[in-house]
């Protein structure tokens, strides 16, 4: 058993003395980019996941509220069996330990992604955005997220400054593109680490507590231009256009393919700039340095897209001439095997 800190002891006390569960084993299941931790507990009553979310750092009520919302939208999220709001513990259904990232290969990618598209379609078509209670992905939030890249990556990690004229132009282009899209329910972290491979009703969807109402391409680009695994450009565009046709048929969009691809591309740049900043913050603030391994892949997405849009040429030049050379400081951190900027070829 894991009895290495006060919160773990408190968690086990809640399970055994309040819920009267018999706990035979308790092991770390996973951690994420937040302050939450997850434990897998086993006993006479079965196998469960316990979320440990310190109330002063995490909003556990948001998790519960969004879980109920997504379940009503026919998205397979973990059942919540018991809750302890005052201490920040939840007893959850165990979706196992195999996420998409662990399983994806050239042979099963089509089937796994099809299941992910089906679930995303349920999320986008079954969630009544008018009265669901989710916050909007508005301009202030978009701007705050972009600022994470400027602050934590450019300033604090690389110690370089971007000219204000370039940065203001980039932010305006990305924010305007996001805000002009049709809106829908947005998971906000819909990628290979948050989709679990299950025997039935796969995928199981986790890490959804930050869901918002926002741009319709956001979750699609999160999935297809994943910070943790890369696919060939042609394959990504094929999947993107197939999903575009599905949205068009459902009348969730009314744009042409060129407009949709622009929304998709620029939404990806906004998300990836934010992700690079978050990876840097996790390293500098939280000592979670493994996320540095995912910056090259994520930065490569940004470079590729910016090079294709004339209005982003100044930003592209800044990235090529100043950011890439300065990024050499991170090269001393080894990447995990099979990650970096490698592609899986179908």
| query | So what's the angle, to the nearest 10 degrees on a 0 to 90 scale, between helix 164-179 and the longest Cα principal axis of the chain? | reply | 60
| field | Least to most buried among 217, 184, 169 (fewest other Cβ within 10 Å first) | value | 169, 184, 217
| query | Okay, which of region 248-268 sit inside 20 Å, backbone N to the point 7 Å along the Cα-Cβ direction of residue 311? | reply | 254-268
| request: Please find, in a Gaussian network model of the chain (springs between Cα atoms separated by less than 10 Å), the residue of 317, 118, 200 whose mean-square fluctuation is greatest. | output: 200
| note | One finds, for residue 156 and residue 320 with R0 = 25 angstrom and r their Cβ-Cβ distance, a FRET efficiency to the nearest 0.05 of 0.70
| query | To the nearest 0.05, what FRET efficiency results for residue 16 and residue 210 with a Förster distance of 30 Å applied to their C-beta separation? | reply | 0.45
| said: Distances longer than 39 Å among the Cα atoms of the chain: what percent of all pairs is that? | reply: 15
| By counting other Cβ atoms within 10 Å of each Cβ, how are 274, 288 ranked from fewest to most? | 288, 274
| remark: Extend 7 Å from the Cα of residue 256 along its Cα-to-C-beta direction; within region 278-312, residues with backbone N under 19 Å of that point are 309-311
| said: Could you work out how much longer the chain between residue 300 and residue 172 gets when fully extended? Use 0.36 nm per residue separation minus the Cα distance between them, nm to one decimal. | reply: 43.9 nm
| task | Which order do the peptides 232-238, 141-147, 203-209 take when ranked by the mean count of other beta-carbon atoms within 10 Å per residue, highest first? | result | 203-209, 141-147, 232-238
| field | Shape of region 85-133, Cα gyration tensor, a/c cut at 1.5 | value | oblate
| said: Which three extents, in angstrom, do the Cα atoms of region 1-146 have along their principal axes, listed largest first? | reply: 42, 42, 30
| task | Could I have the simple spin-label model distance between residue 5 and residue 111, label points 7 Å from Cα toward Cβ, reported in nm to one decimal? | result | 3.9
| request: Determine, for 241, 196, the number of other Cβ atoms within 10 Å of each Cβ, and report the residues in order from fewest to most. | output: 241, 196
| remark: Dividing the mean separation of Cα pairs under 8 Å (6+ apart) by the residue count of the chain yields a relative contact order in percent of 15
| task | Work out the FRET efficiency for residue 56 and residue 286 from their Cβ-Cβ distance, taking R0 = 25 Å, and round it to the nearest 0.05. | result | 0.95
| task | Compare 230, 53, 106 in a GNM of the chain, Cα atoms joined below 10 Å, and give the one with the largest fluctuation. | result | 106
| note | With -39,500 (n - 2.57) per DSSP H segment of 4 or more residues and division by the full residue count of the chain, the 222 nm estimate, nearest 500 deg cm²/dmol, is -13000 deg cm²/dmol
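Only the coordinates and a few stated rules stand behind these numbers; no lab work does. Predicted model only: the values in this text are computed from it and were never measured. Heads up, the Cβs are rebuilt from the backbone with ideal geometry, glycines too, and the neighbour counts pull from every protein chain shown.
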